[in-house]
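The values are calculated or read from the model by the stated rules, or taken from the named source; none is laboratory data. Everything numeric here is computed off the predicted structure, so don't read it as measured data. As a convention, Cβ positions derive from the backbone with ideal geometry for all residues, glycine included, and neighbour counts pool all protein chains shown. Accessible surface areas use protein heavy atoms only, side chains included; no ligands, DNA or RNA. Shrake-Rupley method; radii C 1.70, N 1.55, O 1.52, S 1.80 Å.
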Amino acid sequence: MTQNELPSLPVPDRCIRVDSQTAVAPHSAHDSSTAGRLKPDSLGVLGILFFVLSAQAPLTGIAGAVPIAIAIGNGAGAPAAYLAAGVVVLLFSIGFVAMGRHVVDAGAFYTYIGKGLGRSTGSGSAGVALFAYCAVQAAMYGLYGATVSALVDHYGGVHVDWWVWTLVTMVIVQFLGARGIEMGAKVLAVFVLAEFSILIAFALVTLFRGGGPEGLGIGDSFSAHAALQGAPGVALMFAVASMFGFEATAIYGEEAREPRRTVPRATYLSVAVVTGFFAFTSWMLVSAHGASRVTDEAGKALASGDATSFVFAPITALFGSWVGDVLPVLLATSLFAGILAFHNSANRYLFSLGREGLLPHRLTALNRRHSPWAAGLVQTVIAVALVMPFAVLGKDPVLTLFSWFSGVAVLAAMLLYFLTSVAVIVFFRRSGADTRLWNTVIAPVLGALGIAGTIWLIVQNFTTLIGGDSATALWLQLTVPAVLALGVVVARLTRRPPVAPPAPATPPATAPATAPATPPAPAPGSDDQEENR
């Protein structure tokens, strides 16, 4: 991947620092209204962490995925599946972070894959990444609209169709996204802290009380026998799906303070927090119901059509009836936080693709807050295009929109993780930019194997994941390789414009002019080198 034909200005080293072997140079703008550079020094470790945790939508993940993982997965051993998923994600993150130290770009996935596996594969993965983020956001819009509609109907006695609330929220999300990354981080911090607080409070109180009717049941949830009982693959599939979005740490690299340190710290912290949170909270839910009864209780919740009752009931029993009124509201804010987080991720992909010349250059327009407003507007239009057909056709927003798009988004994300792991190995073997064997070979290989196994589980159980029929599952799965192939074809047919050399700043009268740096040569065997011949 290379820059579009834009003039460059010197960038302070403290904003983005890359090694000499890096094939991605910092991007700059010639004025504040058009393309080039997102606002540097805007986010620290905690700011990035809140974006990641928002994408996880903790309450949505717990209330939506844990009952299914327990009921049709491995029962009381579901917490062990979250730990296993965390190990796989951690192994992936080691190579991901190593790559991030050498390549800083808002297009994280496709930039990494392009550097390792060539421009065409990178461009194909860009389409998959954009598809994944837009699909999961559309899925959340479906569940969000249904949740808010039910809340207003219950407490206000007014029935408004789910899609009306969804459209109103799209306007709010577009406004917040255009207000700048700092505003988004502050809004998300409030919502994430609210949902985290009540779930962690429940888990801690249950722990200090010694668990539920059968005690803490550590062996019932974390022993080898518990982990492998039932259908552990199904539980692992839902556990990995719950962690989708942690990789957004690299997307905000250009806007991070000292990204070579901030992004790795935020990535590892995100993986640790998310893994610990899901494993601990699901364990306390198992304990609250009792290990011998938890599978039946989860099954009853699913059969009733309200899986959230499996989670909400023990929390309400512990803290009182008022929590029963608060939790549905927190579920709505959890979904809103996730929607905003994925909006920011997707519009940064659009911005980066416009900067690389793969999409129209207008997408690189920035407002006075250095926010990619044009890319954000296009992302909102995409959301409308994905959501409204379900409203027009009268489809159930939860059983179709949410289930279908969340399933296909997880499959797309797993493909990106796998390609990134392979790209990391190839990039460092070819460039020699980092010779640490564990970080650049062993961990990425182990991560790739774990992700490949997860992809196999997802494909085998995709009908269960989307809650639909086998025919629907098949064509939804085929959309992912189709998008990848389309991106590769577009890259083959698209030829980048020549990169203009940086315009040197006018030096002071007493100082000699400095010649612009020579751009690094394409790596041997890369698509870029083939195009330059």
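Could you say which residue among Val160, Val136, Val168 is farther than 18 Å from Leu377 by Cα and either within 17 Å of the chain's Cα centre (by Cα) or open to solvent by 20 Å² or more (accessible area, probe 1.4 Å) (or both)?
Exactly one residue qualifies, and that residue is Val160.
Table: residues versus (1) within 19 Å of Met243 (Cβ to Cβ); (2) open to solvent by less than 30 Å² (accessible area, probe 1.4 Å); (3) touching a Gly at 6+ places or on another chain (Cβ under 6 Å).
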| position | (1), (2), (3) |
| --- | --- |
| Val408 | yes, yes, no |
| Ala412 | yes, yes, no |
| Leu416 | yes, yes, no |
| Ala423 | no, yes, yes |
| Phe427 | no, yes, yes |
| Ser431 | no, no, no |
| Arg436 | no, no, no |
| Ile442 | no, no, no |
| Ala452 | yes, no, no |
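Checking Ser304 against (1) within 14 Å of Ala57 (Cβ to Cβ); (2) open to solvent by 30 Å² or more (accessible area, probe 1.4 Å); (3) polar (S, T, N, Q), only one condition comes out false. Which one?
Unmet condition: (1).
Considering only the stretch 143-163, state which residues are part of a loop (DSSP other than H, G, I, E, B) and either under 22 Å from Ile339 (Cα atoms) or touching a Gly at 6+ places or on another chain (Cβ under 8 Å) (or both).
Val160, Asp161
Give the residues of the stretch 230-249 that are more than 20 Å from Ala80 (Cβ to Cβ) and outside any loop (DSSP other than H, G, I, E, B), sorted by residue number.
Ala248, Thr249
If you go through the stretch 206-229 one residue at a time, how many are more than 20 Å from Tyr82 (Cβ to Cβ) and either at pLDDT below 85 or assigned to a helix (DSSP H, G or I) (or both)?
Total satisfying the criteria: 1.
Return yes when Asp296 is closer than 21 Å to Ala146 by Cβ and open to solvent by 40 Å² or more (accessible area, probe 1.4 Å) and no when it is not.
When the stated conditions are applied, Asp296 does not pass them.
Step by step: first the residues of the stretch 330-377, then only those that are among the charged types (D, E, K, R) and over 22 Å from Ala126 (Cβ atoms), then the one that is most open to solvent (accessible area, probe 1.4 Å). Which residue is that?
Ranking the candidates gives Arg368 first.
Can you pull out the residues in the stretch 266-293 that are open to solvent by 40 Å² or more (accessible area, probe 1.4 Å), in a helix (DSSP H, G or I) and modelled with pLDDT under 95?
Of everything in the stretch 266-293, those that are open to solvent by 40 Å² or more (accessible area, probe 1.4 Å), in a helix (DSSP H, G or I) and modelled with pLDDT under 95 turn out to be Tyr268, Leu269, Ala272, Val273.
Residue-by-condition table, conditions (1) within 26 Å of Thr333 (Cβ to Cβ); (2) in a helix (DSSP H, G or I); (3) at pLDDT 85 or above:
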position: Ala63; (1), (2), (3): yes, yes, yes
position: Ala81; (1), (2), (3): no, yes, yes
position: Gly95; (1), (2), (3): no, yes, yes
position: Ala106; (1), (2), (3): no, no, no
position: Val128; (1), (2), (3): no, yes, yes
position: Cys134; (1), (2), (3): yes, yes, yes
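Looking at the stretch 250-260, can you tell me whether even one residue there is open to solvent by 10 Å² or more (accessible area, probe 1.4 Å), in a helix (DSSP H, G or I), modelled with pLDDT under 85 and under 26 Å from His102 (Cα atoms)?
Within the stretch 250-260, one or more residues are open to solvent by 10 Å² or more (accessible area, probe 1.4 Å), in a helix (DSSP H, G or I), modelled with pLDDT under 85 and under 26 Å from His102 (Cα atoms).
Residue-wise test of (1) at pLDDT 95 or above; (2) not aliphatic (A, V, I, L, M).
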{"position": "Leu167", "(1), (2)": "yes, no"}
{"position": "Arg179", "(1), (2)": "no, yes"}
{"position": "Met183", "(1), (2)": "no, no"}
{"position": "Lys186", "(1), (2)": "no, yes"}
{"position": "Val192", "(1), (2)": "no, no"}
{"position": "Ile198", "(1), (2)": "no, no"}
{"position": "Leu204", "(1), (2)": "yes, no"}
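I want to confirm something. Restricting to the stretch 454-479 and keeping residues that are open to solvent by 10 Å² or more (accessible area, probe 1.4 Å) and under 22 Å from Gly124 (Cβ atoms), which single residue is nearest to the chain's Cα centre (by Cα)?
Going through the qualifying residues, I end up with Ile455.
Can you name the number of the only condition in (1) open to solvent by 70 Å² or more (accessible area, probe 1.4 Å); (2) out of contact with any Ser or Thr (no Cβ under 8 Å at 6 or more places or on another chain) that Val205 fails?
All conditions pass for Val205, except number (1).
Is it the case that the stretch 456-466 has a residue that's of a type outside the set (A, V, I, L, M, F, W, C), part of a helix (DSSP H, G or I) and free of Cβ contacts under 8 Å to residues at least 12 places away in the same chain?
The answer is yes; a qualifying residue exists.
Just to verify a result, which residue in the stretch 474-501, among those that are of a type in the set (Val, Ile, Thr) and within 22 Å of Pro360 (Cβ to Cβ), is modelled with the lowest pLDDT?
The extreme case among them is Val499.
Give just the number: which of (1) over 26 Å from Thr275 (Cβ atoms); (2) open to solvent by less than 10 Å² (accessible area, probe 1.4 Å) does Ala150 not satisfy?
(2)
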